[in-house]
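Have a look at the structure below before the remarks.
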């Protein structure tokens, strides 16, 4: 259903005024955080594609998507901050499983505020990081600042990518989806290597103490 909607985005443009499209981009970026299956990055790439056709302005696409990303992150951060770890684990929400929250907590404890800075570049665990940052002992000011920086850089790259890939939306959508898929696999492999190295170092220190 989501894929069909994405493919039909250009035809929906005829019934929308430009301000409403900027609002759509902002809402999409928000919902991507709250409901991870929402393909916010692809919709952002669509906004970039529309910039290339001259129907949308680069600055406002960039601003609307970045604001949406920060709002989405902040909402989940506040949920984590005010509801706490115990309630989130007890509820075991569909998109925020207990195992994912506990794993993200380990990452936050290891990398601290720098994980928030890398947040937008970590597909699949962005939302869980937002929640976990909320109930961790991190500075609210620094978390929101680093979230803004992360979103600003990621959206700039994504919009440039969507803008530069061509004038056919289906082609752009296919290329962006492929690039994001390969990127996700690469990041997943990198994270796996980091975890293995981390546990290897811990094991080596443990053995050395024996």
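Restricting the stretch 115-141 to residues that are in a helix (DSSP H, G or I) and without any contact (Cβ under 8 Å) to a residue 24 or more places away in the chain, which is surrounded by the fewest Cβ atoms within 10 Å (Cβ to Cβ)?
Of the stretch 115-141, the ones in a helix (DSSP H, G or I) are 115-117, 119-121, 126-135, 140-141.
Applying the additional criterion that residues be without any contact (Cβ under 8 Å) to a residue 24 or more places away in the chain yields 115, 141.
Numbers: 115: 22, 141: 8.
Within the stretch 115-141, the match that is surrounded by the fewest Cβ atoms within 10 Å (Cβ to Cβ) is 141.
Which one is farthest from the chain's Cα centre (by Cα) among residues in the stretch 25-39 that are modelled with pLDDT under 85 and assigned to a helix (DSSP H, G or I)? Spell out the reasoning first.
From the stretch 25-39, those modelled with pLDDT under 85 are 32-39; that's our starting set.
This time we only want the ones that are assigned to a helix (DSSP H, G or I), so: 32-34.
Details: 32: 7, 33: 6, 34: 10 Å.
Ranking the qualifying residues of the stretch 25-39, first place goes to 34.
Looking at residue 84, is it in a helix (DSSP H, G or I), in contact (Cβ under 8 Å) with a residue 40 or more places away in the chain and crowded, with 16+ Cβ neighbours inside 10 Å?
For residue 84, the condition - in a helix (DSSP H, G or I), in contact (Cβ under 8 Å) with a residue 40 or more places away in the chain and crowded, with 16+ Cβ neighbours inside 10 Å - is not met.
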What is the number of the single condition among (1) over 19 Å from the mean Cα position of the chain (by Cα); (2) farther than 17 Å from residue 36 by Cα that residue 98 does not meet? (2)
The lone condition residue 195 fails out of (1) modelled with pLDDT under 65; (2) within 29 Å of residue 54 (Cα to Cα); (3) surrounded by 14 or more Cβ atoms within 10 Å (Cβ to Cβ) is (2)
Given (1) surrounded by 13 or more Cβ atoms within 10 Å (Cβ to Cβ); (2) over 12 Å from residue 155 (Cβ atoms); (3) free of Cβ contacts under 8 Å to residues at least 40 places away in the same chain, residue 99 misses just (1)
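The values are calculated or read from the model by the stated rules, or taken from the named source; none is laboratory data. Computed from a predicted structure; not experimentally measured. Cβ: placed from backbone, ideal geometry, glycine included. Neighbour counts: every protein chain shown.
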